[in-house]
Amino acid sequence: MFTGIVAAVGKIESVKPLEGGSFAGVRLDINAGGLPLADVGLGDSIAINGACMTVIEKDASNFRVDVSRESLNKTVGLDTLTEVNLEKALTLNERLGGHLVSGHVDGLGVVRKFEPVGESWELVIESPHELAKFLAYKGSIVVNGVSLTVNRVTDIGTGADLVCQFSINLIPHTIAVTTLKHLKVDAKVNLEIDLIARYVERMVSVGAATK
């Protein structure tokens, strides 16, 4: 589990294909930046742009993970030399500064607006159709590993044609300490819906089906 509070910005320094042809994943060598690795053991989890990955090797400054083809197909930013948001797995003696995050990407959003508003920035993202029901005013959402609060939800159309856009306010601190500063219009982002919303939707749908 994670909190969505980014601990450091690292950088993917190499992407090496694993054996297995077109169905194989890749091995990433990641410079941890300001993320301390002294307490990280082999097999521990680190969220990379919101995707939970397992450490298979490490040294004083870098760690390595294997990313499956399935994970590559469901995420963005894990197959190129770029900066990434990093967070170590939550321990029971830490503050829950963001919200409960599993590190499992639910879908890819598309940036529709990213503009300064006063001292902050407004980020508008279009979500996949299937995630629209989980988005709510003042609810939580994870964008590229960052726990954020939804300020506005706009549903356009109905049924299978429904398009949902949600707006987020990014304060200067969030811009400064995460990779969100690099976002551009039409860029894709990793999204994880709120864990509680996931279970509520399941309970409601099962309850309705049994009536």
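Each reported figure results from applying straightforward, stated rules to the coordinates on display, with no laboratory input. From a predicted model like this one, the values you see are computed outputs, not experimental measurements. So basically every Cβ, Gly included, is an ideal-geometry build from the backbone, and we count neighbours across all protein chains shown.
At a glance:
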| item | result |
| --- | --- |
| Nonlocal amide H pairs with Ala89, under 5 Å, H built at 1.01 Å | Ser45, Ala47 |
| For the range 123-134, Karplus couplings with θ = phi - 60° (6.51, -1.76, 1.60), whole Hz, Gly/Pro x | 10, 10, 10, 8, 8, x, 3, 6, 9, 4, 5, 9 |
| For the range 30-47, 3J(HN,Hα) per residue [Karplus equation, 6.51 cos²θ - 1.76 cosθ + 1.60, θ = phi - 60°, Hz, x = Gly/Pro] | 10, 6, 6, x, x, 7, x, 10, 4, 9, 8, x, 4, x, 6, 9, 9, 7 |
| Cα gyration tensor shape of the range 1-121, rounded if a/c is under 1.5, else prolate or oblate by comparing a/b with b/c | oblate |
| Mean-position separation - Cα centroids, the range 105-166 and the range 29-53, in angstrom | 27 Å |
| Extension reserve of the Asn169-Asp79 stretch, reckoned as 0.36 nm per residue once the Cα distance is removed | 29.6 nm |
| Spacing of the two label points (7 Å from each Cα toward its C-beta) at His182 and Thr54, in nm | 2.7 nm |
| Contour excess over end-to-end distance, with Cα ends at Ser120 and Asn151 and 0.36 nm allotted per residue | 9.8 nm |
| Pairs of lysine residues in the chain - Cα separation under 14 Å, sequence separation of 8 or more or cross-chain | 5 |
| Contact order relative to length of the range 1-93, as percent, for alpha carbon pairs under 8 angstrom and 6 or more apart | 38 percent |
| Inter-site label distance for Arg27 and Asp39 at 7 Å from Cα along Cβ, in nm | 2.9 nm |
| Under the Karplus curve 6.51 cos²θ - 1.76 cosθ + 1.60, θ = phi - 60°, whole-Hz ³J(HN,Hα) for the range 80-85, x wherever Gly or Pro sits | 8, 7, 7, 6, 9, 7 |
| Fully extended contour minus Cα-Cα distance, from Ser14 to Ala160, at 0.36 nm per residue | 48.6 nm |
| Placed amide H near Ala8: partners under 5 Å, 5+ positions off or other chain | Leu86 |
| Nearest-ten-degree value, helix 195-209 long axis tilted from longest Cα axis of the chain | 50 degrees |
